[in-house]
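The next block holds one structure in the form of structure tokens; read it before the comments.
Since every read-out is calculated from the coordinates, none of them should be taken as a lab result. The model shown is predicted, which means the values in this text are computed figures rather than measured ones. Cβ placement follows ideal geometry from the backbone for every residue including glycine, while neighbour counts extend to all protein chains displayed.
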Amino acid sequence: MSLKGVGILVLLIASLASARFSQFISINPSNMNDQKNVSVQVKKKGADYIVQVSEINQSDGWLVQTQRPLTIDEQNFRNLIWKNQFDSVEVLSKKKVYPHHNKVVDRSGKVRKNELELVINESVIKSSYLYFDNEKEVQDGGYYYTIDLPQFVKVAQ
């Protein structure tokens, strides 16, 4: 095999490896215990819900509000974030709520990394999702995921 052929083969294998290790997950109350790196708590407080997420991977996070609750397949917002394409889902808004370099300092002065807390109104949360991914395409694989807030709301009520 020529040197050029070996180079093409290496590039092909590297491309397939990246695609193989990149996986989308929708996190909900029934599978959260299987997700060792993410913890989600949703608590009702008056007309609002307090959403706490910890152990977030090295990703950015967006709050995406849609017109209706979505199926798991519809919750993959990668095209929305990377290409600003809305596919077939009617997205009402997307807002970056978590930069991957986020640090929280609690009252005792302890730095807590990889945590997010949001207050979301009841009228908004029932069709909203937290989406964690890289802001642009990367070739390192890994997980990208949505936290299915409507499913957590059903459990919190």
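Structure notes:
- Spin-label model distance (nm) - GLU137 vs ASN37, 7 Å beyond Cα toward Cβ: 2.2
- For the set LYS94/LYS126; LYS45/LYS154; LYS44/LYS136, the pairs lying more than 23 angstrom apart at their alpha carbons are LYS44/LYS136.
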